[in-house]
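Report on the following structure.
The values are calculated or read from the model by the stated rules, or taken from the named source; none is laboratory data. Note that this is a predicted model, so its numbers are computed, not measured. Counting neighbours? That spans all protein chains shown, and the Cβs are built from the backbone with ideal geometry, glycine included. Surface areas here come from the heavy atoms of the whole protein model, side chains and all, with no ligands, DNA or RNA. Shrake-Rupley method; radii C 1.70, N 1.55, O 1.52, S 1.80 Å.
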Amino acid sequence: MKQAKIYYAAIDDTWTKEQRLAYLEKLEHTGNVEWQEITPDKNHNWLTTQLKLDYDEFLPIGNKQTKYTSVNTSAIFSLYSLGISTSRDNWVYSYQFEDLIKNINVLVETYNEQVFKWKNSAKSEQNIDYFVLYDDEKIKWSSKLKQLLNAGLSTEFNLAKIRIALYRLFSSQYVYFDQVLIDRRGNFPVIFPNPETEAENRVICLPGVGNRKDFGVFISRFILSYDFAFEKAQCFPFYTYNEDGTNRQENITDWALSAYRHHYQDTTITKWDIFYYIYAVLHHPHYRERYAANLKKELPRIPYAPDFHPFVTAGKRLAEIHINYEKQPQYRLKHLENKDLPIDWLVEKMRLSKDKTQIKYNDFLTLTGIPPEVFNYRLGNRSALDWIIDQYQVKTDKLSGITNDPNRLDDEQYIVRLVKQVITVSLETVKIVEELPDLGLPND
């Protein structure tokens with residue numbers, strides 16, 4: 001068989017849509033394109049000019065061989081998981097506990113009613129897609145939910161299934177963690193099988209392969225969503241358990257522990273040290289810049305820094321402020337209050353000023369004095385503060401009519417306090433990252 005040849009042509013990334021269309025019109029046909037023949041590398045990547053070959057020398061954070069087999073000798077973490085994908089976020093997530101209960105009861109009642117009708121219908125004569133009730137105010141279907149309906153699997157409301165999840169960056173919500181109503185729970189049933197495990201387990205979350213946004217990394221003690229702050233969020237836990245919460249296992253492989261101890265000639269290195277070391281390395285600006293293309297193609301590979309323990313110390317500090325963000329000091333912003341209105345701490349939708357120094361919190365309150373360095377702490381395509389402004393607003397889904405209100409009537413100042421705390425976290429993160437030691441990477 002004749003081997004195929006690959007030809008490639010690129011245009012300026014900065015061109016506008018109009019410039020691109022004008023260029024194509026000028027070419028008229030493919031024969032006028034200046035093609036360049038390219039040869040795939042050993043990993044079958046075609047566009048390799050930005051890939052760094054030394055990346056392959058580092059330890060893989062995870063891979064399918066270690067994840068799906070009993071051979072734990074080729075990656076740092078044994079098991080990892082995509083964030084949970086619900087296919088019905090408006091129904092199964094909510095800032096408000098009582099609202100979530102109400103929404104789930106409607107969803108469960110409607111679904112079970114459909115199961116009953118399907119069981120008692122002439123199934124062989126019907127297409128399930130035409131059978132089910134399409135009412136956006138009562139249910140949201142997905143292919144998996146229809147499969148479960150076809151199998152006759154009903155469900156019932158269980159208060160114990162309401163858990164806390166990190167839906168977006170610094171945005172925790174209640175989630176109904178049910179195997180029927182959530183399309184894909186990944187491995188989270190063995191990562192956080194019950195609320196008790198949230199006190200001891202931690203997950204490092206980062207973009208999955210093919211992520212188109214900027215790289216980022218975060219640590220959590222809660223379930224995370226698939227679209228947490230970047231695409232296809234992949235989560236690497238320190239512990240795994242049985243689904244009943246028993247049989248706790250360390251998830252960093254003995255192979256990785258042996259590799260780190262051997263490289264640094266230090267038998268005191270622990271798996272927690274490796275966990276925090278990785279968290280710090282993944283924040284390093286030189287690492288992110290040099291391997292930006294590699295990080296879009298595959299999961300991170302972790303280099304050996306010249307000095308191990310300073311990264312452990314930095315990783316522990318980053319983890320502390322990111323996990324316990326609600327306990328951090330409040331940055332001192334100035335309050336500009338509208339004296340013609342009553343005191344009001346409730347948010348509809350915050351807005352950031354064009355010069356990014358102020359947040360219009362509501363008609364009563366404007367927060368001023370935001371330091372510019374805050375916006376240097378980013379995950380995905382947004383700064384942490386931008387994530388807060390985007391997520392903490394009252395949203396009503398047009399189809400279901402479900403409203404998700406982030407305001408806490410039992411703690412009305414929570415959101416304004418959170419804004420100040422996230423500013424503190426952002427500034428501290430930027431400082432820690434700037435002070436990270438040299439990773440010993442090439443500069444070319």
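Details
- Judged by the ratio a/c of the largest to the smallest principal axis of the C-alpha gyration tensor, region 337-418 counts as oblate, that ratio being 1.5 or greater while a/b is no larger than b/c.
- Options [x] 68, 63, 60; [y] 66, 51, 32; [z] 100, 53, 35 - which one matches Cα extents along the principal axes in Å as calculated here: [x]
- Each Cα pair under 8 Å and six or more residues apart adds its separation to the average, and for the chain the resulting relative contact order is 16 percent.
- Evaluated with a Cβ-only charge set (Lys, Arg +1; Asp, Glu -1), the chain carries a dipole of roughly 440 debye about its Cα centre, given to the nearest 20.
- Linear extension gain, Asn376 paired with Leu159, 0.36 nm per residue minus alpha-carbon span: 74.1 nm
- Local electrostatic count, Asp214, Cβ distance below 12 Å [Lys/Arg +1, Asp/Glu -1]: +4
- 222 nm mean residue ellipticity, helices alone, for the chain (DSSP H n ≥ 4; -39,500 (n - 2.57); rounded to 500): -9000 deg cm²/dmol
- Length released on extending from Val394 to Glu348, taking residue separation times 0.36 nm less the Cα-Cα span: 16.0 nm
- For the chain, the longest piece that avoids every one of the GluC sites (Glu not before Pro) found in DSSP loops with at most 16 other C-beta atoms within 10 Å covers 244-347.
- The magnitude of the dipole of region 210-354, with charges of +1 and -1 set on the Cβ of Lys/Arg and Asp/Glu and taken from the Cα centre, is near 560 debye.
- Residue of Leu206, Leu181, Leu133 that the Gaussian network model of the chain assigns the largest fluctuation, springs spanning Cα pairs under 10 Å: Leu133
- The chain - percent of accessible surface contributed by carbon and sulfur, probe 1.4 Å: 48 percent
- Full-stretch length increase - Lys327, Trp15 - with 0.36 nm per residue and alpha-carbon distance subtracted: 107.8 nm
- Set Lys232/Lys296; Lys232/Lys420; Lys334/Lys356; Lys232/Lys316; Lys146/Lys398 screened for pairs whose C-alpha atoms are more than 21 Å apart: Lys232/Lys420; Lys232/Lys316; Lys146/Lys398
- Charge context of Val430, other residues only, Cβ under 12 angstrom, K/R +1, D/E -1: -2
- Accessible surface area normalised per residue over region 133-182 is 45 Å², counting heavy atoms of protein chains with a 1.4 Å rolling probe.
- Accessible area in square angstrom per residue, region 300-382, 1.4 angstrom probe: 57 Å²
- Overall form of region 55-213 per C-alpha gyration tensor (a/c, 1.5; a/b vs b/c): prolate
- Average accessible surface for region 189-234: 31 Å² per residue, computed with a 1.4 Å probe over protein heavy atoms with every protein chain in place.
- The aspartates and glutamates whose alpha-carbon is closer than 12 Å to the alpha-carbon of Lys64, local same-chain residues fewer than 8 away aside, are Glu298.
- Within the chain, longest stretch clear of exposed chymotrypsin sites (Phe, Trp or Tyr not before Pro) (DSSP loop, no more than 12 other Cβ within 10 Å): 135-444
- Loop-located trypsin sites (Lys or Arg not before Pro) in region 85-184, at most 16 other Cβ atoms within 10 Å (DSSP): Lys138
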